[in-house]
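Peer 1: Here's a structure for you.
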Amino acid sequence: MYTTLLTDATRFDALIAIDLDLATTAQAGGCRLCAGRLDHADYPRKPRGGPATLRAAYERRASFCCDEEGCRTRLTPVSVRFLGRRVYLGVVVLLACVLRQGPTPWRVSRLQALLGVSARTLARWHRWWRDDFVQTAFWRAARSQFARPVDADEVPRGLLARFDGEAVEQVAAALRWLSPLTTTSAGTLREARP
Ligand SMILES: [Zn+2]
């Protein structure tokens, strides 16, 4: 059940491991411009919306800087935890909107109580999925990967339903699929806050 995912900090550890893996791969690839070595230049983060006991690893987003004098190009790897520059965790932006859809949608007040998010922010996320996400080049190119097409009106609930497994595996797979949207280094993010 998705509610457990949003309240149990141990479920979030799986996402730390995936991000570590994504960051290691990105660093090993070196600088995209000059093939120089990439050093850690991480961003401090204060993510909102997760369980109170979230691990300290969530207070950093991996990012790298080329060590070549005169290049210093930054590379921020894709992430399953941070959806762009939003202060709320990607899992929260996804699941809050999923829980608002379907046959028995959650009330806004219930989501507010669980996640500490304002009705205005919830509405903004909903608009992002409905209006902005479905216009991204990423979505237009990637939606055809699904055997059964996902209707734009069904996003993000219908999108999540296309991934198999227990709730945590399903959500991790969906966030990984969405990860090209999580960094400008990939050239696909429409900057948005929070
Ligand atoms: Zn470089």
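Peer 1: For segment 73-110, enumerate the residues that are of a type in the set (K, R) and part of a helix (DSSP H, G or I).
Peer 2: Correct list: R110 only.
Peer 1: Right, G50: more than 16 Å from the ligand (Cβ to nearest atom), in contact (Cβ under 8 Å) with a residue 60 or more places away in the chain and part of a loop (DSSP other than H, G, I, E, B) or not?
Peer 2: no
Peer 1: Consider segment 38-47. How many of its residues are more than 16 Å from the ligand (Cβ to nearest atom) and either closer than 13 Å to R74 by Cβ or among the β-branched types (V, I, T) (or both)?
Peer 2: Adding up the residues that qualify gives 2.
Peer 1: Could you check how many residues of segment 27-40 are touching a Phe, Trp or Tyr at 6+ places or on another chain (Cβ under 7 Å) and surrounded by 18 or more Cβ atoms within 10 Å (Cβ to Cβ)?
Peer 2: 1
Peer 1: Okay, next question. Applying the selection to segment 129-159, what residues are surrounded by 15 or more Cβ atoms within 10 Å (Cβ to Cβ), of a type outside the set (S, T, N, Q) and in a loop (DSSP other than H, G, I, E, B)?
Peer 2: Listed by number, the residues that qualify are V150, V155, P156.
Peer 1: Kindly indicate which of A57, A9, A62 is more than 15 Å from the ligand (Cβ to nearest atom), farther than 14 Å from V171 by Cβ and modelled with pLDDT of 95 or more.
Peer 2: Result: A62 is the single residue among A57, A9, A62 that is more than 15 Å from the ligand (Cβ to nearest atom), farther than 14 Å from V171 by Cβ and modelled with pLDDT of 95 or more.
Peer 1: From the residues in segment 12-37 that are of a type outside the set (A, V, I, L, M, F, W, C) and away from the ligand (no atom under 16 Å from the Cβ), which one is modelled with the lowest pLDDT?
Peer 2: Looking at the filtered set, the residue picked out is D13.
The values are calculated or read from the model by the stated rules, or taken from the named source; none is laboratory data. The shown structure was predicted, so the numbers you read here are calculated from the model rather than taken from an experiment. Cβ sites come from the backbone with ideal geometry, for glycine too, and all protein chains shown count toward neighbours.
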